[in-house]
Amino acid sequence: MKCAVIGSTGWMGVGVATRIASAGHTAVMGSRDIERSQKLIKKLPLLVELPPERFQATTNLDALDGAEYVFITVPMPAHKETLELIKDRVQDKIIVDVTAPVDPENLIENLWPDEGSATQQAQAILGEDVAVVGALKNIAAVVLMNHKKDSNCDILVTGEDIAAKFKVISLLREMGLNSYDVGSDDMCRTVEGLTSLLILLNYSYHLNQPGVKVVPIATGMDYFPDESLLE
């Protein structure tokens, strides 16, 4: 299966492409500058120890040809322009919006679009007939690149199309990533806002690539509140 990675020469794009290839699929790495993409696929397979035939270099538009999934990995300032570029050629594909609205000039600030979140902006631009799923918003690129190591974080998945979300969750499982469907577009801003928070934690406490992990309440608790306390 072919998966297009739009904006693949950024670190997040490289990480996503690595995980796609690690799942046995073909990562078609699109870029505005095809020479950058071509240089990348000469070195990346050797670095991550994956078959070179699982990586292809092309332009952002040409990456869409034959792709079932399209991962948007561009920085927020390029998000709207990129979506406008591809919108007429993605009607039959599942869009996985990876972009978090982090300001590249100040990584603990967000560039929120009028639509509310990056995923909502993608849905608004591409149209309601296109399946848009928000995922991979809170995981570091270096964690994705190190595909042989277990990822000690979970992926929070959002979007309106339930069937598309579960297809994406299945693909992420193949990529070695555990995921949760956390709701519709109303949750997108909450999930995306965690990215700048995690970056702040990294800066403040020197944490090694912090992420989000969903865990149950510890067993063996002695007390739980109930209405009897108010009687």
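Just so you know, all these numbers are worked out from the coordinates, no wet-lab data involved. On a predicted model such as this, the values are computed, not experimentally measured, just so you know. Don't worry about glycine lacking a Cβ; one is built from the backbone with ideal geometry, like all the others, and counts go over all protein chains shown.
Applying the criteria of a DSSP loop state and at most 15 other Cβ atoms within 10 Å to the GluC sites (Glu not before Pro) of segment 101-151 yields Glu105, Glu128. Considering only Ala118, Met145, Leu85, and ranking their Cα positions along the charge dipole of segment 76-231 that arises from unit charges at the beta-carbon of Lys, Arg, Asp and Glu, the one farthest toward the positive end is Met145. A Cα-only calculation for the chain places Rg and Dmax at 18.4, 72 Å. Each peptide in 55-66, 132-143, 213-224, 24-35 gets a packing score, the mean of other Cβ atoms within 10 Å over its residues, and the list from highest to lowest is 132-143, 24-35, 55-66, 213-224.
In segment 92-125, whose amide N lies under 17 Å from the spot 7 Å out along Cα-to-Cβ of Leu194? List them in ranges. Once the point is set 7 Å along Cα→Cβ of Leu194, 97-102, 117-120 turn out to lie under 17 Å by backbone N, inside segment 92-125.
Here Cys153, Cys3 are placed in order of increasing Cβ neighbour count within 10 Å, fewest first, which gives Cys153, Cys3. For the pair Ile162 and Leu230 in one chain, pulling the backbone fully straight at 0.36 nm per residue adds 20.5 nm over the alpha carbon distance.
Going by neighbour counts of Cβ atoms within 10 Å, the residues Thr18, Thr99 line up, fewest first, as Thr18, Thr99. With each run of n ≥ 4 DSSP H residues scored as -39500 (n - 2.57), what mean residue ellipticity at 222 nm is computed for the chain after dividing by its residue count and rounding to the nearest 500 deg cm²/dmol? Taking each H run of at least 4 residues, the total per residue is -10500 deg cm²/dmol.
Exposure proxy ranking for Trp11, Trp112, based on other Cβ atoms within 10 angstrom of each Cβ and starting from the fewest, stands as Trp11, Trp112. Summing Cβ point charges (Lys, Arg +1; Asp, Glu -1) relative to the Cα centre of the chain gives a dipole of roughly 1340 debye. Distance between the pseudo-spin-label points of Glu35 and Arg89 (7 Å out from Cα toward the beta carbon): 2.1 nm.
Each 5 Å bin from zero holds the following percent of Cα-Cα pairs in segment 106-188: 3, 15, 23, 21, 18, 14, 5, 1.
Solvent-free Debye calculation, one equal scatterer per alpha-carbon of segment 1-119: log10 I(q)/I(0) at 0.13, 0.23 Å⁻¹ equals -0.47, -1.28. Were the residues from Glu49 through Asn152 laid out at 0.36 nm apart, the gain over their Cα-Cα distance would be 35.0 nm. Of all DSSP beta bridges confined to the chain, the antiparallel ones make up roughly 10%. Whole-percent P(r), segment 6-64, all Cα pairs, 10 Å bins from 0: 28, 62, 9.
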